[in-house]
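Sending over a structure as structure tokens; questions will come in a sec.
Each value in this text was obtained by applying a stated rule to the coordinates, not by laboratory testing. In this text the structure is predicted, and so the values were computed from the model without any measurement. Cβ sites come from the backbone with ideal geometry, for glycine too, and all protein chains shown count toward neighbours.
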Amino acid sequence: NKYIVIKHHIEDAPKEAIFELKTGTIALSVAPGSDDIIVKNLYISIDPYQINRMKLSSSSQGTSSFAAPINPGEAIDGAVIGKVVASGNAKFQKDDLVLGVFTWAQYSLVKEGSILRKLESSEFPLSYYLGVLGFNGLSAYAGFLELCKPQKGEKVFISAAGGAVGNVVGQYAKLLGCYVVGCAGTQKKVELLKKELGFDEAFNYKEEKDLNYALKRYFPDGIDVYFDNVGGETLEAAVANMRIFGRVAVCGVISEYSSGGRKASPNMLDIVYKRISIRGFLAADFLNVFEDFLSKTSDYLRTGKLKTIEDISSGVESIPSAFVGLFKGDNIGKKVISLAEE
Ligand code: NDP
């Protein structure tokens, strides 16, 4: 059973060299009386927040991540879709498709009490349930629609707009009739946003000398809603360009996850005078709207109103470069590792 560990904690920028591919053995049957489940992993979700679990500060201070620390030498866990190979748990049978927090491995041993749910239908490709129909989609739905309460015609700005969460936010915003501008780090992503996903405008933030100026170009009358995936100077520039009663949903601050990243220091007086609301959130806080999210988003997919952008690599061996690639902007849309055929 191949699996991935970190050799040591991440101190600065993530590098492939901190990961190690290990091989172990795993029994593909469960002992009588045990309630363990053995899962053959099919798709692994690759998510930026995991870096915060790999930092030393996450284990020593417990503050930099909402999830448990990842320690060197231990199999890393995260969102995975798999198929049950053997089960001592009456709620799960062999061949059930399941989504849960399992190891970055070919096979996982899942203990009673682990986060696990059955995937009853697979009308859509399974990988969608890690992205557009999973926590990325829910983040977009909850952070944008529930928190920011956008109105038709409002002006919306999205950072990391070519990524898993950002592209969905932009598509929801267009469906609602908003004016939508996204920024991303490559020309290819910029073209995708404008030509395929219907964004009104998009720009490459790496080519802008002054983000404040760039935002004035696209929002001469200001921004109503900013969906923040990156923090740092982009958040500062967005706050400087917000309209009165503007809303900012802080989904993540990826530019601040590496030690070199500049911490956002938005102009507080702007926030007061313009009565701007800035709200951080976790998708996990919005499980109460999960069913609504799933049914509306599934409808949008069925009717072709929403496009799915996925970036799939194969094999456990590809996990380190896929993960590190998130911080270099390599991925276009949702980064997923495919491991095996159903
Ligand atoms: P993405 O698919 O957007 O991948 C990350 C992207 O971030 C990269 O492709 C890159 O795109 C961009 N990026 C990387 N480094 C930087 C940087 N220094 N400055 C600006 N952009 C950068 O990831 P997700 O959609 O999964 O996640 C987006 C954000 O949302 C993250 O901050 C993540 O932690 C957060 N998140 C929060 C959740 C919640 O519950 N609150 C749930 C899921 C995600 P580019 O080419 O544009 O640079």
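Calculate how many DSSP beta bridges within the chain are antiparallel, expressed in % of all such bridges and rounded to the nearest 5.
55 percent
Hey, another quick one. With each run of n ≥ 4 DSSP H residues scored as -39500 (n - 2.57), what mean residue ellipticity at 222 nm is computed for the chain after dividing by its residue count and rounding to the nearest 500 deg cm²/dmol?
Computed ellipticity for the chain at 222 nm equals -6000 deg cm²/dmol.
Roughly speaking, what % of Cα-Cα pairs in the stretch 104-217 are separated by over 19 Å, rounded to a whole number?
So the portion of pairs separated by more than 19 Å is 55 percent.
Same structure, new question: Taking Cα atoms of the chain, Rg/Rh with Kirkwood Rh, to two decimals?
0.98
Follow-up question, since we're still on this one. Please report Rg over Rh for the stretch 135-284, where both radii come from the alpha carbon positions and Rh follows the Kirkwood definition.
A ratio of 0.92.
Sticking with this structure for a sec: What is the log10 of I(q)/I(0) for the stretch 1-154, computed with the Debye formula using one identical point scatterer on each Cα and no solvent, at q = 0.12, 0.21 Å⁻¹?
Debye output, listed in q order: -0.61, -1.31.
Please give me the summed charge of the neighbours of G222: other residues whose Cβ is under 10 Å from its Cβ, Lys and Arg +1, Asp and Glu -1.
+2
Please pull out the direction-averaged projected area of the stretch 235-281, using the convex hull of its alpha-carbon atoms, in nm² to one decimal place.
It is 3.2 nm².
Then there is this: In whole Å, what is the distance between the alpha-carbon centres of the stretch 72-102 and the stretch 184-241?
A separation of 39 Å, based on Cα centres.
If r is the Cβ-Cβ distance from R302 to L21 and R0 is 56 Å, what FRET efficiency results, to the nearest 0.05?
0.90
Any idea how far apart F245 and I115 come out in nm if each label point goes 7 Å out from Cα toward Cβ?
3.6 nm
Any chance you could run the full-extension gain for E123 through N71? It's 0.36 nm times the residue separation minus the Cα-Cα distance, nm to one decimal.
15.0 nm
Sketch the reach of a paramagnetic label on N267 as a point 7 Å from Cα along Cα-to-Cβ, and name the residues of the stretch 222-257 whose backbone nitrogen lies under 11 Å away.
Inside the label zone: 237-242.
Shifting gears a bit: What angle do you read, to the nearest 10 degrees and between 0 and 90, between the alpha-carbon axis of helix 290-302 and the longest principal axis of the chain?
Roughly 80 degrees, rounded to the nearest 10.
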